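What follows is one structure encoded as structure tokens, with my remarks underneath.
The values are calculated or read from the model by the stated rules, or taken from the named source; none is laboratory data. Since the structure is predicted, the reported quantities are computational estimates derived from the model, not experimental observations. As a convention, Cβ positions derive from the backbone with ideal geometry for all residues, glycine included, and neighbour counts pool all protein chains shown.
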Amino acid sequence: MTPTRHSQHRWVILLAAVVGVAGTARLGVWQLDRAAQKTSRQALLDTRRQLPELGAADLARTAAEVPDQVQRRIRLQGRWVARATHFLDNRPMNGRVGFHVVTPLQLADGTAVLVERGWGPRNALRREDLPPVRTPEDETVTVVARIIPAPSRLFDLGGLETGVIRQNLDLDAVARASGLSLRPATLLQTEGPADDGLLRQWSAPSTGVDKHHGYAVQWFALSALIAGLYVWFQLIRPRRQAASHVA
């Protein structure tokens, strides 16, 4: 290789190293920025959980009102619409497979709100069997819950789901099928009768801050690796080789 081509080759390697170090470092900074945003979001949600309970009159009526109420505690009364109960599949709790049981609660003004009432176990031998869940329709019940945007979603193939066992649940679809006027939020029931057959040991809401910190460490480590490889192969190693030839 001629000196001119050797010099060009070194400049190309330097440029690639600089781009690699700068790009991976920038991605690390971006992940830290995302973590900071989610830390602020987590602090906001934690604060809302400590605020006084809302009442039925305060529950969001439009989708635009829901974000400001997420994780607020609420207490309201109504009647279960048992015919519109659904069982969300593949929802584990305490290491056991089972369902999240979702039932609309009809309020005094005629509207209804979807309630994730709790968890029930799945029959490992007969997957079509449903857990026994007590759902009284002829009495008014009090529901203590937290407000969430919608039931948690799992990956699906986009097929049309029918029946009471579902992978995911869409509020609009439930409203159309049931004929109910559903509020745009969903409730995650935190207190309930001991004899309804459901567990409510919900995990605390998390915005996934640790995930972004982990990604940031990986990007910064890759940036350091690229810089280290460049220094070794383009600076230290050639000098050592030159010194050994002189000796």
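Select from segment 164-222 the residues that are assigned to a strand (DSSP E or B) and of a type in the set (Lys, Arg) and write down the one among them that is modelled with the lowest pLDDT.
Applying the filter and picking the extreme gives 166.
Out of 133, 113, which single residue is among the aliphatic types (A, V, I, L, M), assigned to a loop (DSSP other than H, G, I, E, B), closer than 21 Å to residue 168 by Cβ and assigned by TED's automatic domain parsing to the domain that holds residue 174?
Being among the aliphatic types (A, V, I, L, M), assigned to a loop (DSSP other than H, G, I, E, B), closer than 21 Å to residue 168 by Cβ and assigned by TED's automatic domain parsing to the domain that holds residue 174 holds for just one of 133, 113, which is 133.
Mind checking which residues of segment 196-230 are in the same structural domain as residue 24 (by TED's automatic domain parsing) and more than 25 Å from the chain's Cα centre (by Cα)?
220, 221, 222, 223, 224, 225, 226, 227, 228, 229, 230
Could you please give the count of residues in segment 45-91 that are surrounded by 13 or more Cβ atoms within 10 Å (Cβ to Cβ), not charged (D, E, K, R) and not in a loop (DSSP other than H, G, I, E, B)?
14
Let's see how each residue does on (1) in contact (Cβ under 8 Å) with a residue 24 or more places away in the chain; (2) of a type in the set (Asp, Glu); (3) closer than 30 Å to residue 11 by Cα:
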{"position": "143", "(1), (2), (3)": "yes, no, no"}
{"position": "149", "(1), (2), (3)": "yes, no, no"}
{"position": "168", "(1), (2), (3)": "yes, no, no"}
{"position": "179", "(1), (2), (3)": "no, no, no"}
{"position": "194", "(1), (2), (3)": "no, no, no"}
{"position": "200", "(1), (2), (3)": "yes, no, no"}
{"position": "204", "(1), (2), (3)": "no, no, no"}
{"position": "221", "(1), (2), (3)": "no, no, yes"}
{"position": "230", "(1), (2), (3)": "yes, no, yes"}
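Let me confirm something: among 194, 177, which residue is farther than 30 Å from residue 32 by Cβ, surrounded by fewer than 11 Cβ atoms within 10 Å (Cβ to Cβ) and of a type outside the set (D, E, K, R)?
Going through 194, 177 in turn, the sole match is 194.
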